[in-house]
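Computed from the coordinates by the stated procedures, all read-outs in this text should not be read as laboratory data. Note that the structure is predicted; figures quoted are calculated from it, not measured. Cβ: placed from backbone, ideal geometry, glycine included. Neighbour counts: every protein chain shown.
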Amino acid sequence: MKVDCLVAEIGSTTTKVLAFNLHNSSAQYIGRGMYRTTVESDVTIGLNEAIEDLKRNLNVKDLIYDEFFSSSSAAGGLKITCHGLVYEMTAKAAKEAALNAGANVHLITANLLEDEDILKIKSINPNIIVIAGGTDYGEKKVSFSNLEKVIPLNIPIIYAGNIANHDKIRKLYQNKVTIVDNVYPRVDFMNILPLREAIYNVFEKNIIYAKGMKNIFKMINGTIIPTPGAVMDATIIFDEELKGVMSIDVGGATTDIHSVCDPKPEYIKYSEGEPRFKRTVEGDLGVFINRENVLSLVNKDLITSKLNLCYQELIDIIKKEPFIPKTINGKKVIDFLVKQCVFLALDRHIGDLKRVFTTNGYKVIPEGRDVSQINTIFLTGGALRSIENPELIIQEYINKNNTKLIFSQDVKIYVDKDYILSSCGVLSHKYPKKAKELLFNSLIKEN
């Protein structure tokens with residue numbers, strides 16, 4: 001069988017391969033294969049097994065393709081540390097860009113790096129270090145000093161600070177530093193897209209931290225980007241047409257939420273300079289690697305009464321049940337934990353209305369992300385896909401949160417049944433029109 005391209009998603013627990021035809025009159029999703037991610041040995045083993053599963057699902061012996069693309073979040077995904085001048089300004093801007101590119105941000109610092117900060121960076125051993133600091137032609141010494149301190153670590157560095165340092169950096173460290181436009185060029189303005197693109201490029205060049213990942217490049221003739229970044233790319237594509245979109249991805253290790261929207265007109269002044277798109281990654285919320293942690297965040301009496309299980313039964317299930325549950329009670333427990341992951345991640349992503357005391361008395365103001373203008377939500381990831389009627393989780397969350405800056409009851413909810421969201425995000429880098437066509441046909445027309 002001949003197809004135009006394959007797109008692989010090498011996740012922390014599962015590897016998926018999707019087949020597409022792109023060059024006919026209309027783009028077409030062909031099928032999917034899956035296998036566990038063999039991160040402990042060689043990720044290419046799981047990838048090849050996923051391709052074999054795809055062949056079985058298509059009922060073919062041979063599969064020929066012209067192009068092969070991939071995304072990855074295996075081996076902990078993309079680890080980044082961010083270092084700026086002021087925490088709520090340049091450091092925050094660097095963090096937002098890293099998160100939107102699909103990174104897990106393990107450390108954020110402000111002002112001059114101290115010796116203990118360097119020790120923390122060494123212990124984290126990030127894949128990329130981001131140096132920010134100073135508005136354009138403003139303060140420039142801190143960002144350059146921080147750059148000099150991390151150069152000896154031999155870790156890929158992206159400089160996204162005051163552009164007044166560019167010439168000096170090129171002269172001294174041209175081959176050791178990737179330079180991009182300032183991520184915070186002026187007060188109350190985040191310029192995150194250049195840094196986001198640079199993170200993609202550096203990630204693809206240095207993605208060697210999962211066993212066998214180097215061999216992936218021998219199998220594909222495209223690029224590799226962080227899977228969460230691909231989901232954000234797809235979410236942005238939907239927003240171009242739908243104007244106010246969120247995607248929720250519950251995985252084995254993390255729960256990611258991507259939102260693209262404007263705040264209510266009356267709240268715009270409270271989010272001055274904030275980008276329309278925002279990603280939060282909850283590294284403690286996952287239904288396989290982090291399922292014990294999720295359980296610890298839920299009231300014991302609540303979960304035992306809801307599931308009609310004693311606590312010891314619950315513990316046994318958590319420890320023994322595989323990623324895809326095989327027992328009835330295991331399915332009940334994992335489904336409950338999926339809901340808790342969604343609830344907790346939404347709590348952290350969405351802002352709230354806060355009462356403050358002013359000279360004119362109490363006033364209610366927004367604090368945090370306002371997603372009240374979101375009109376469409378996409379649910380993706382194997383955990384949400386496996387639940388019957390997962391959209392009910394969102395409706396229950398809305399009913400329980402009266403003061404949150406939240407979307408309305410009539411928000412439209414679609415389920416990514418074919419795991420197509422991240423794959424289309426990957427395809428959008430080369431085939432943006434085809435990716436949009438696939439997304440709307442598969443997630444909106446088919447739901």
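Name the lysines eligible as straight-distance cross-link partners of Lys319: C-alpha to C-alpha under 28 Å, and not fewer than 8 places from it in the same chain.
List returned: Lys16, Lys79, Lys211, Lys300, Lys306, Lys331, Lys332, Lys339, Lys417.
Between Asp316 and Lys171, what's the calculated FRET efficiency when r is the beta-carbon distance and R0 is 51 Å? Round to 0.05.
Working: r = 62 Å, r/R0 = 1.22.
Result of the calculation: an efficiency of 0.25.
Taking the Cα centroid of region 323-375 and of region 147-173, what is the distance between the two, rounded to the nearest whole Å?
Distance between centres, Cα-based: 39 Å.
Among rounded, prolate and oblate, which fits region 78-206 when a ≥ b ≥ c are the square roots of the eigenvalues of its C-alpha gyration tensor, a/c under 1.5 means rounded, and a/b larger than b/c means prolate?
Numbers: a/c = 1.20, a/b = 1.12, b/c = 1.07.
It comes out rounded by the Cα gyration axes.
For Lys171, give me every one of the lysines with a C-alpha distance below 19 angstrom, ignoring sequence neighbours fewer than eight places off in its own chain.
Answer for Lys171, where 19 Å is the Cα cut-off: Lys140, Lys141, Lys149, listed by chain and number.
Note down the nm distance, to one decimal, between modelled labels 7 Å out along Cα→Cβ at Leu193 and at Arg276.
With each label point 7 Å from Cα toward Cβ, the separation is 1.0 nm.
May I ask what percent, to the nearest 5, of DSSP beta bridges between residues of the chain are antiparallel? Present the calculation step by step, with values, prior to reporting the outcome.
Working: 35 of 72 bridges.
Beta bridges within the chain, antiparallel portion: roughly 50 percent.
Contour minus end-to-end for Phe217 and Glu292, with contour as 0.36 nm per residue of separation and end-to-end as the Cα-Cα distance? Can you show the working numbers first?
Details: separation 75, 0.36 × 75 = 27.00 nm, distance 3.49 nm.
Going from the current span to full extension adds 23.5 nm.
On a full-extension model of 0.36 nm per residue, what is the gain between Lys433 and Leu112, subtracting their alpha-carbon distance, rounded to one decimal in nm?
On the way: separation 321, 0.36 × 321 = 115.56 nm, distance 4.46 nm.
Length gained between Lys433 and Leu112: 111.1 nm.
Just Leu314, Leu119, Leu195 to compare: in a GNM of the chain, with alpha carbon springs under 10 Å, which one fluctuates most?
Leu119
Residue by residue, what Karplus-based ³J(HN,Hα) values in Hz, rounded to whole numbers, does region 363-368 have, using 6.51, -1.76 and 1.60 with θ = phi - 60° and x for Gly and Pro?
9, 9, 10, x, 9, x
Suppose we keep just the DSSP beta bridges with both residues in region 78-206; what percent of those would be antiparallel, to 5? Let's see the in-between values first.
Numbers: 1 of 18 bridges.
Among the beta bridges of region 78-206, antiparallel pairing accounts for roughly 5 percent.
At 7 Å along the Cα-to-beta-carbon direction for both Phe357 and Ile64, put a label point, then send me their distance in nm to one decimal.
It is 7.8 nm.
Can you put Cys82, Cys261 in order, fewest other beta carbons within 10 Å first?
Numbers: Cys82 31, Cys261 23.
Lowest count first: Cys261, Cys82.
What residue among Asn360, Asn162, Asn399 has the largest mean-square fluctuation in a Gaussian network model of the chain, using Cα springs under 10 Å?
Asn360
Under the 0.36 nm per residue contour assumption, what length would be gained going from the current alpha-carbon distance of Ile324 and Asp262 to full extension? Spell out each step's value before the answer.
Working: separation 62, 0.36 × 62 = 22.32 nm, distance 3.72 nm.
Between Ile324 and Asp262, full extension yields an extra 18.6 nm.
Take the Cβ-Cβ distance between Thr403 and Glu88 as r, set R0 to 22 Å, and report the resulting FRET efficiency rounded to the nearest 0.05. List each step's numbers first, then the result.
Numbers: r = 24 Å, r/R0 = 1.09.
FRET efficiency, Thr403 to Glu88: 0.40.
For the chain, which DSSP H helices look membrane-span-like by this rule: Cα extent along the axis of 15 Å or more and mean Kyte-Doolittle of at least 0.0?
Details: long enough: 43-58 (23 Å, -0.04); 193-206 (20 Å, -0.31); 227-242 (22 Å, 0.49); 328-349 (32 Å, 0.41).
Qualifying helices, which must be both long enough and hydrophobic enough, are 227-242, 328-349.
Tell me, what is the FRET efficiency for Lys141 and Arg186 to the nearest 0.05, using R0 = 22 angstrom and their Cβ-Cβ distance as r? It would help to have the intermediate numbers written out before the result.
Numbers: r = 19 Å, r/R0 = 0.85.
Efficiency at R0 = 22 Å is approximately 0.75.
Under a 5 Å amide H to amide H cut-off, with H placed in plane at 1.01 Å, what residues pair with Thr223 once short-range neighbours are removed?
Under 5 Å from the amide H of Thr223 lie the amide H atoms of Ser70, each far enough along the sequence or on another chain.
Using a 10 Å cut-off around each Cβ, can you sort Glu282, Glu391 from fewest to most neighbouring Cβ atoms? Mind dumping the intermediate values first?
Numbers: Glu282 21, Glu391 17.
The most exposed by this proxy come first: Glu391, Glu282.
Report the residue, chosen from Val177, Val371, Val17, that carries the largest GNM mean-square fluctuation when the chain is represented by alpha-carbon nodes joined by springs under 10 Å.
In this elastic network of the chain, the residue with the biggest mean-square fluctuation among Val177, Val371, Val17 is Val177.
Would you mind ranking Ile406, Ile268 by Cβ crowding within 10 Å, fewest neighbours first? The partial results should precede the final answer.
Working: Ile406 20, Ile268 12.
Arranged by neighbour count, lowest to highest, Ile406, Ile268 become Ile268, Ile406.
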